[in-house]
Every structure is written in structure tokens, then in C-alpha cells.
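Let me begin by presenting the structure, written as C-alpha cells, before commenting on it.
The values are calculated or read from the model by the stated rules, or taken from the named source; none is laboratory data. What you are looking at is a predicted structure, and each value in this text was computed from that prediction instead of being measured. Neighbour counts are summed over all protein chains in view; Cβ atoms, including those assigned to glycine, are modelled from backbone coordinates with ideal geometry.
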Amino acid sequence: MGYYNDFQGGIPYEFGNLLNLNHLDLSSCGLEGPIPESLGSLKLLDTLFLQTNSLSSAIPRQLGNLTALINLDLSNNALTGEIPQEFSNLKGLALLNLFMNKLHGSIPDFIAELPNLETLGLWMNNFTGTIPKKLGQNGKLESLDLSTNRLTGLIPSGLCTGMKLRILILLNNFLFGPIPESLGSCLSLSRVRMGQNYLNGSIPDGFLYLPELTLMELQNNYLTGNFSENGDSNRKPEKLGQLNLSNNCISGCPPVSLSNFSALQILLLGDNRFSCDIPSEIGELKHILKLDLSKNQISGEIPIEIGNCFSLTYLDLSQNQLSGQIPAEISGIRILNYLNLSRNHLSLNIPRSIGSMKSLTVADFSFNNFSGRLPESGQFAYFNATSFAGNPLLCGSLLNPCEFPSISQDSSKDFKMVFILGLLVCSLVFGIAGILKARSLRRSNSLSWKLTAFQKIDYSTENILECLKDCNVIGRGGAGIVYHGVMPSGEEIAVKRLLGFGNHHDHGFTAEIQTLGQIKHRNIVRLLAFCSNSESNLLVYEYMKNGSLGEFLHGKRGSFLKWELRYKIAGEAAKGLCYLHHDCSPLIVHRDVKSNNILLDGEYEAHVADFGLAKFLQDTGGSECMSVIAGSYGYIAPEYAYTLKVDEKSDVYSFGVVLLELITGHRPVGDFGDGVDIVQWAKRTTGGDRRKVTLILDSRLNQVPLEESMHLFFIAMLCVQENSIERPTMREVVQMLSEFPNPKPPSQTSPSDLGEIKNHIILYTHLQPITRILQQTSSSKTGEPKNQDPGKIQLQPPPNLLI
């Protein structure tokens, strides 16, 4: 009974009279007050779920009378006191979840002696003392999460006695001593998180090579020794997706056996004492997305094999002793967003080919021994001087002027004359060749191009092709080049030329585009027509006069975007995404939501652009669009690192980043240093408290309504939850944004208006998923509680949401 109802008030004392009751579920019911002692009379009860309420006071000792109890979940409340000694009578207990309360004292030893205990979740309380030494020796323990407490002492050696332990989460405590050697042979382990402790000694043999392991976090400890090679050739960590050993004292060489980590997507070894060279086997990590080897003592050259890591989006090799030159092969990583090679001994020229890496948004080459002229084309035009500081032999427009050997005055005149004549000849040759080629292309293209219009248009293929001139370029990206054009009727259009995608790649591509052409929504950029031939595709869109939100927000005109306009844009963009996710047939996942893909028309109304393209471009198998498929650095959802899959909840995360851009005025990356993105910065600065949103508000904004800013920040934090299940749907986002239906300037917002907003009630049926978000946990019935990382936010609904 119960479960997602809104009873209000407390649990009726009379429930204790239901003596034949065997299953009681009152989770997420808005309950307050203490747990009635009368529940201890329900001797036949096997399941008691009271999680995610506002229950307070101590846990009644009478619950120890429920000897038939198998599942007990009191998590995510405000319970105080200690775990009752009477719980030692619950011999049949398999699941015990008390996490996210205010419990204190030590974890009783009898917990370890419960013979059937499989799942124990006590994280985010104030428990002190040591972990019971016999925990796990019942042979049935599968999931253990004691993180974010104040536990001390050693990790018990018998946690995996029954070889069933799958989840071991002990992070953010004061545990010390070595990691038990027995864990090195716990073949059932899949998730291990023991960071933010005081663990020392070496990593047990085989611990990093367990076959079922998907996540291993040991960061921020005092571990020493080497990153050992795999001693068992039959044991390969083929499922490990994330390995974090950063900020320890591990020494030696990165192992050659890295090639065994075939599924690795995130490898963080920074801030250790690794030496020797980077092994060439690093190139065999085909799925690696993020690689951090910074702040070590690694020497030698950067191996050319690193260019084989085609999925890499983040590479940090800074503060080492690397020498030689940057291998040109690194520019073959087409979706690399972040590159930091600073504070090494790298020399010679910076490869010009790096300028062709269109997705590279953050790069740091400072404090090396680079020399020669700094390239100024491509992405180099977007980097600032600090990216190249500390290279005295490097010259260019951003740095020292390049000096050339002096020549005599007569020679100088002759040289200038020859140079000018040469330029004139070259200009004539290229001009004539361009005219001839354009005429030839126009003649052939008018015959070979096929035009598919999705509405009535009054222009031809030739009119569209006339737009494809360099002087008309208004945007470039991984998917292609965007041109602005004016048709004979005066209508303005935007033409996107997809690079390297012709019809011969995928016969279904045209059908997919035709589906997009049928989509009509006020907040989605209309696809007007589609031109194609055997070599290329052109998409014709309605023209958005004010460009992209990203360009507007982060450019010189950013101060023009007042709060009311920003809130309006957030709501309109959310409606566009909501339409794609919930109302299209088939449903469409955007896959590259970012401020640069939200366009503004002449009235500053927001329109979502490039919807659906990522999936279709992925299906064509083209490498040039990988930056679209993988998303853009700073917007990529955490689960992409584990699954390499992007779904609608990944779009929600990216939209949350856009909301933070609107609130703060900052770019997603690059403004916070050391690889910190806007999500991490916002969480650290505010601690997740929406009342502290003023600490991160854009300084260019004046008279921001506090209620609205707190509400928008609350929604953003929901969207960027680390666990995708905990994020709202875009339909729920639209509904939450509509809580302030007509944002007004502060001077126009009366007290009665605010009262009406606060009293606005959302139907509870629509808020059930949001309630689950606020639980900060996966369903306790699955036996795998969601971990609460240090610094992760415990969100409460805003004051105007009545739950």
C-alpha cells in the first residue's frame, strides 16, 4: 500500500493494528514526524519502505520486533540517533538502507552478523568509529556503500568472503591502512569507489584486472608502489570503463599491459610519481575519451600511436618531462576538445595541422621550448597568448614579432618588386582558374543536383549554389560549413553543406532528412529544402538573423541579454527539445545540444537547430562528424563515458549546461582553469544551494528576480545530475520553467504576483519522476543504491513547488 501518494502529515498510529499486513510501502508520500512505535506490532511484515519522506526523530527500537522483515528502507529522511540495538533480532534482513539521514554513532557489530544481509547502504550520515571487522563474512554481501561518513580504521579483509560482492563504495571517509589483499581476488566486483580517504600501501595484485570491473576509483589517497602488470594472463579487465588513480604516490612506469583495458574510456593517472616513457600501447585504447597523465615525471617523447585514439576528447600531459616534438598524428584525433601539453620540454615547431582540428576549443602549449613562427590559421586564431607563454623562441602576431635577416636596400627593392609581380601573376592564375571552375561546376551542378523542397519555395538549385562562397560563410563545425544567402525574392536562407557525406554513403539518408523536413514547431529551425548529388548534401534552413545563443551570450553583445530575455529563451529552447523528445514520430534525440545550436531570430525567439543530424551523420560512417556524434566538450553527459551511447537524458544534461550558461554568462569550459567545467564550478561555488545562486550570476545582469534565478538554477542542477535516471524529462523541464509563466522585471513584479507564483500547484502525477530525482538514489528494491559523491548536491524542491 502507499507508494507515491501525498498523505501529508505523519504515519497514522493506527497502522499498527493491521496485524496481517506483510508489505508496507509509504515511500515518497510527503510524510513528516516520527515513525510510530506501533509499527513494531506488524509481526508478519516482510517489507517496510519509508524512504524519501521528511520523517524525523530516532528510529523506534520496536522495529526490532519485526522478525519476519526482509527489506527495510528508511533512507532519505531526517532521522536522528543511532541504529537501535534491537535490530540484531532481524535475522532475515537482506536489504538495509538508512542512507541520507542524520544518524550518528558507530555501525554496530551485530550488522556484520546478520546471516542473510545482501545490501547495506548507510552513506551520507554521521557515522564514526570503524567498519565492523566481520562484515561480509556471512558470504552473502553483494552491495556495500558506507561513503560520506566519518569512519576511521582499516577496511575489513572479509568483505568478499562469499565471492558475491559486486559494489564496494567507501569514498569520502577517514579510512587508513592498506587495501586488503583479498580484494585482489574478488572476481565478482564490478564497481569500486574508495577515493578521498587516507589509504596507503600498494594496490593489491590483480585488483585492477578483475574481469567484471566496470569502475575503479582510488583517487586522493596515499597509495604507493607500482601500477603492476597483470600477473594472470587469463584475467583481462575487458569491461573496465573508468580508472581513476589520480593524486596518489604511485611510481614506476605506466604498464605495457594497458592494452588489456580494451573498454577503457576514462583513464586518470595525474598527480602521481610515474616516470619512464608513455608506452606505445596507449594507442590500443580505441575507446578512450579522457586521458590525464599530468603532474608526473614522465619523460621521453609523445608516442605517435596516440593518434590512434580516435575517440579522445580530453588529453592532459602537462607538468611532466616530455621532450621532442608534438607528433603530427595527434591532429588525426578529430573530436579532441581539450589539449594540455604545458610545462614540459617539448621543442621544434607546433604542427600546423593542429589548426585543422575544428573541435579543439581549449589548448595549452605554454612553458616548453617551442620555436619558429606560430601558425595563425584554423583553430590557432581562437587561442590567446597565454596558451603559448613561456616559449621565448616562438614568434607570431600573439607573441614576439618574427625577425628576418636584414638585406641591403637595393636587394630589398628588387625583392619587393619580384614579390609583388609574383603575387599579381598568382592572383591572375587563381582568379581565372576559379572563374572557369565555377562556370564548370555551375553547368554540371545544375544537371546533377537534386532538389527536394519541404514547402513551397520560389528559388532554384542554382540560386542555392550561388550562396556557396567563402564571403558568405557564417559558421563552421564538425558537420559542415554554413552559408548565408539572399534569394531573388529577398528571402534570406542559411545553407549547410555537409562535408564528406554524399548519397553513395547511405541510401537511407535522404529518407531520414525527409522525415526532418516534415517537422514543424515554432521553436525548431525549419528545414526548407534538401539538395543532393553523388558527392555532397546541402540543407536549406530558414535564416536566423541574430545568430546563435552561444555567439550572442559570450560575445560583445552578451550584456544585451537581460534576465527576462534569458529566461524566455530557456523556456522556448526547452519547448523545442520537448517536441523532439515527446511529440515527433519517430522521436528524435538531438545529440549535440549546446548554446551554439540554439538560434535566435529577429525577435530573439529561440529555435533549436541541427536536430537529429548527429544520428543520421553517424549512420553514414563519416569521420568528419564525430564531433557532432560525441557532443561538444563541456556539454557531454557523464554516462557517455561508460556506454558510448547518447539518449534523451543526455540531451537533458546538455540543456542543463545551457541553463548554467544563461545564469552565469560563462562558457562551458575554459573560464575556470585546470580542466574544470561549468557544472563542477557551479556545484563547488554554491554547494548546490540555490540560495547561493547570487555567487555565480552573470555580473553583466542588473535587477535579477531572486525567486526566478533560484528556480532556474534548481532546474539546471536537476538536469545535470550525474545519474541519468535522476534527471527530469524535457516535458517536466518545460513544466517547471512555466512556473514563472511571464517573467517580469523586478520593478513590475508585485507581492501579489509572487504570492500567486508560490501558490501555483503542479499536479502531483506530473511530479512523480521529479520526486524520484530528489531521492538521490536508484530504487532501493534493486539492491544497488545510488552513491552520493562528495560535493554532490542534495536538492530540495523550490518553494513554489508543492509536493
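In the range 134-165, which residue that is touching a residue at least 60 places away in the same chain (Cβ under 8 Å) and part of a loop (DSSP other than H, G, I, E, B) is farthest from the chain's Cα centre (by Cα)? First the steps, then the outcome.
So in the range 134-165, the residues touching a residue at least 60 places away in the same chain (Cβ under 8 Å) come out as 142-143, 145, 147-148.
After this cut, where a residue has to be part of a loop (DSSP other than H, G, I, E, B) as well, the list is 142, 147-148.
Details: GLU142: 29, SER147: 22, THR148: 23 Å.
Among those residues, the one meeting the criterion is GLU142.
Of the residues LEU66, LEU31, which single one is closer than 18 Å to LEU90 by Cβ and in contact (Cβ under 8 Å) with a residue 12 or more places away in the chain?
Details: LEU31 fails: closer than 18 Å to LEU90 by Cβ.
Result of the check over LEU66, LEU31: LEU66.
Being surrounded by fewer than 23 Cβ atoms within 10 Å (Cβ to Cβ) and closer than 23 Å to LEU215 by Cα is the filter here, so list the residues in the range 275-288 that pass it. Before you say what the answer is, go through the steps one by one.
Our first condition is that a residue be surrounded by fewer than 23 Cβ atoms within 10 Å (Cβ to Cβ); within the range 275-288, this holds for 275-277, 279-284, 286-287.
Residues satisfying the conditions are PRO279, GLU281, ILE282, GLY283, GLU284, LYS286, HIS287.
So LEU72 ticks every box in (1) in a loop (DSSP other than H, G, I, E, B); (2) within 23 Å of LEU165 (Cβ to Cβ) but one. Which box is left unticked?
Of everything listed in (1) in a loop (DSSP other than H, G, I, E, B); (2) within 23 Å of LEU165 (Cβ to Cβ), LEU72 misses just condition (1).
Mind listing whichever residues of the range 362-399 are part of a loop (DSSP other than H, G, I, E, B) and at pLDDT below 85?
The first filter runs over the range 362-399 and keeps only residues part of a loop (DSSP other than H, G, I, E, B), leaving 365-368, 374-377, 383-384, 389-392, 396-399.
Those that are part of a loop (DSSP other than H, G, I, E, B) and at pLDDT below 85: PRO375, GLU376, SER377, PHE383, ASN384, GLY396, SER397, LEU398, LEU399.
Could you please find all residues in the range 297-356 being assigned to a helix (DSSP H, G or I) and surrounded by 23 or more Cβ atoms within 10 Å (Cβ to Cβ)? Please lay out each step first, then the result.
Our first condition is that a residue be assigned to a helix (DSSP H, G or I); within the range 297-356, this holds for 304-308, 328-332, 352-356.
Once the filter is applied, which keeps residues that are assigned to a helix (DSSP H, G or I) and surrounded by 23 or more Cβ atoms within 10 Å (Cβ to Cβ), the range 297-356 yields nothing.
Here is a yes/no grid of residues against (1) buried (at least 19 other Cβ atoms within 10 Å of the Cβ); (2) modelled with pLDDT under 90; (3) in a helix (DSSP H, G or I):
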site: MET626; (1), (2), (3): yes, yes, yes
site: PHE655; (1), (2), (3): yes, no, yes
site: GLY675; (1), (2), (3): yes, yes, no
site: GLN680; (1), (2), (3): no, no, yes
site: THR694; (1), (2), (3): no, no, yes
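Of all residues being assigned to a loop (DSSP other than H, G, I, E, B) and of a type in the set (Gly, Ala, Ser) in the range 452-498, which is surrounded by the fewest Cβ atoms within 10 Å (Cβ to Cβ)? Just the residue, please. It would help to see each step written out before you state the result.
Filtering the range 452-498 down to residues assigned to a loop (DSSP other than H, G, I, E, B) leaves 454-460, 466-469, 477-479, 487-491.
Pick out the ones that are also of a type in the set (Gly, Ala, Ser) and you get 460, 477-479, 489-490.
Values: SER460: 14, GLY477: 20, GLY478: 23, ALA479: 26, SER489: 9, GLY490: 6.
Per the criteria, the residue is GLY490.
Does ASN53 meet the test of being at pLDDT below 95 and out of contact with any Leu (no Cβ under 8 Å at 6 or more places or on another chain)?
Values: at pLDDT below 95: yes; out of contact with any Leu (no Cβ under 8 Å at 6 or more places or on another chain): no.
The answer is no for ASN53.
With the requirement that a residue be over 18 Å from LEU21 (Cα atoms) and surrounded by fewer than 24 Cβ atoms within 10 Å (Cβ to Cβ), what does the range 54-73 give you? Before you say what the answer is, go through the steps one by one.
Of the residues in the range 54-73, the ones over 18 Å from LEU21 (Cα atoms) are 54-61.
Matches in the range 54-73: SER54, LEU55, SER56, SER57, ALA58, PRO60, ARG61.
Is it fair to say GLU572 is out of contact with any strand residue (DSSP E or B) (no Cβ under 6 Å at 6 or more places or on another chain), under 30 Å from ILE457 (Cα atoms) and not assigned by TED's automatic domain parsing to the domain that holds VAL486? Talk me through it step by step, then tell me what you get.
Working: out of contact with any strand residue (DSSP E or B) (no Cβ under 6 Å at 6 or more places or on another chain): no; under 30 Å from ILE457 (Cα atoms): yes; not assigned by TED's automatic domain parsing to the domain that holds VAL486: yes.
No: the conditions fail for GLU572.
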